[in-house]
1. Is the C-alpha gyration tensor of segment 229-302 telling us rounded, prolate or oblate? Criteria: a/c under 1.5 is rounded; beyond that, a/b larger than b/c is prolate, otherwise oblate.
2. How much solvent-accessible surface does K278 expose, in Å² to the nearest 10, with a 1.4 Å probe and all protein chains in place?
3. On a 1.4 Å probe surface of the protein chains, which of S139, S336, S153 comes out largest in accessible area, and what is the full order?
4. In whole Å, how far is the Cα centre of segment 84-153 from that of segment 244-305?
5. Let me cross-check K332: its accessible surface, 1.4 Å probe, with only protein heavy atoms counted, in Å² to the nearest 10?
6. May I ask you to derive the FRET efficiency for K303 and I111 from their Cβ-Cβ distance with R0 = 51 Å, giving the value to the nearest 0.05?
7. Can you compute the FRET efficiency between S318 and E289 using 1/(1 + (r/R0)^6), with r the Cβ-Cβ distance and R0 = 30 Å? Round to the nearest 0.05.
8. Test of understanding: what is the full-extension gain from D234 to S139, defined as 0.36 nm times their sequence separation minus their Cα-Cα distance?
Amino acid sequence: MGAEDSFTDKISLELEKNSNVSYDCKHVGMLSIKTANKSVEDALKMPDPVDLYYGLFNEGEVACLFADSNAGKSIFAVQMADYISRRRRVLYVDCELSEKQFQLRYTSKEIGFRYVFSDNFYRAEIDPEHIGIQNYEVSIIKDIESAALETDSKIVIIDNLTYLCNSSEKGDVAGLFMMKLIALKKKLFLTLLIISHTPKRNLSNPITQNDLAGSKKLYNFFDNVFAIGQSAKDKRIKFVKQVKVRASEYVYDSDNVIIYEITNEGGYVHFIHKGYGKESEHLRERSEEDDLQNHSNIMTLHKDGKSVREIADLVNMSKTSVHRIISQEKRKAECSRDDSVPSEDVGQVGQVGQSYSLFVEPDQEESFIFDLENSDEL
């Protein structure tokens with residue numbers, strides 16, 4: 001067999017392999033089915049996700065950045081877009097600032113300075129004269145798709161979620177909206193970063209997934225979630241913390257947050273990296289008022305029928321602590337009721353005022369809590 005015949009056979013073999021690829025994937029309605037081995041084999045042929053911004057944001061993700069008002073989330077998002085645009089085209093959908101407000105943030109009249117962005121950085125804002133009241137959410141997604149195609153941008157940053165999904169607190173609406181965004185991502189092979197906010201939060205508590213505004217279903221749809229926190233020790237200091245990670249390494253947790261300071265050097269408002277630290281170093285010391293509010297929140301969730309495990313997740317505490325607080329609050333309520341019982345009824349067997357039925361011996365309580373901590377039923 002000659003070299004030409006050998007080459008022809010190799011080409012035929014490769015064509016045969018490629019022709020069999022479609023048969024390895026079965027389609028059932030919206031589902032495509034492969035063996036797990038085939039999924040791994042096909043994925044190995046794809047490039048690994050590219051780190052777009054210091055381990056916080058990766059190519060191919062639907063990510064979320066959230067923060068409280070005036071924490072600088074738009075400033076940080078523009079800074080990310082500016083950095084990425086030095087290598088890739090970026091479309092920044094700005095629903096927060098007008099064109100003039102954006103210009104003022106990145107110029108300085110005093111020194112006659114104007115910050116120069118890369119020509120790969122495209123900014124879009126909503127034109128009030130072209131806002132459609134009907135099917136707004138469907139229309140805005142279509143317009144973002146058209147803008148991404150027009151600018152040939154594969155990375156889209158949307159600031160912010162509230163302007164795109166007016167009913168983000170409703171689970172079914174939020175879920176459907178996120179499914180549309182994910183469909184757009186897959187259709188155009190986009191990377192999406194959605195900016196969101198958090199309701200006013202207690203600076204004594206660490207940042208958790210529960211601080212993300214809107215329905216809890218939103219969190220489940222994101223591949224990657226990170227947040228900006230305000231230091232309780234110094235208003236100039238911010239910290240960035242990873243809250244959820246799927247594809248990359250979980251690096252910036254509560255023991256290793258990124259420390260920044262917002263500055264306006266020469267008309268360019270941006271975050272300056274100051275190092276790393278523990279989130280606890282930037283939380284406000286808990287007060288008696290904070291503890292009372294926390295206890296109240298736990299009891300409200302308990303009355304709503306939430307389990308100890310669910311409450312612990314929502315308030316970012318251990319099951320042991322949650323159970324102890326519930327027990328304490330119940331005892332207080334029982335003691336209050338006992339105080340209203342006439343003295344001659346107190347201590348009678350079978351009566352409401354029977355004191356020994358209200359308390360658990362300390363060692364018994366600790367034993368119960370130990371069992372609770374290791375139980376998977378709650």
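The values are calculated or read from the model by the stated rules, or taken from the named source; none is laboratory data. It should be emphasised that the depicted structure is a prediction, and the values quoted were computed from it without experimental measurement. Here Cβ is always computed from backbone atoms with ideal geometry, including for glycine, and neighbour counts include all displayed protein chains. SASA here: full protein model, heavy atoms, side chains in, ligands and nucleic acids out. Shrake-Rupley method; radii C 1.70, N 1.55, O 1.52, S 1.80 Å.
1. oblate
2. 90 Å²
3. Descending order: S336, S139, S153.
4. If we compute the Cα centre of each part, the gap is 29 Å.
5. Result for K332: roughly 110 Å² accessible.
6. The computed FRET efficiency comes out at 0.30.
7. 0.85
8. In short, 30.0 nm is gained.
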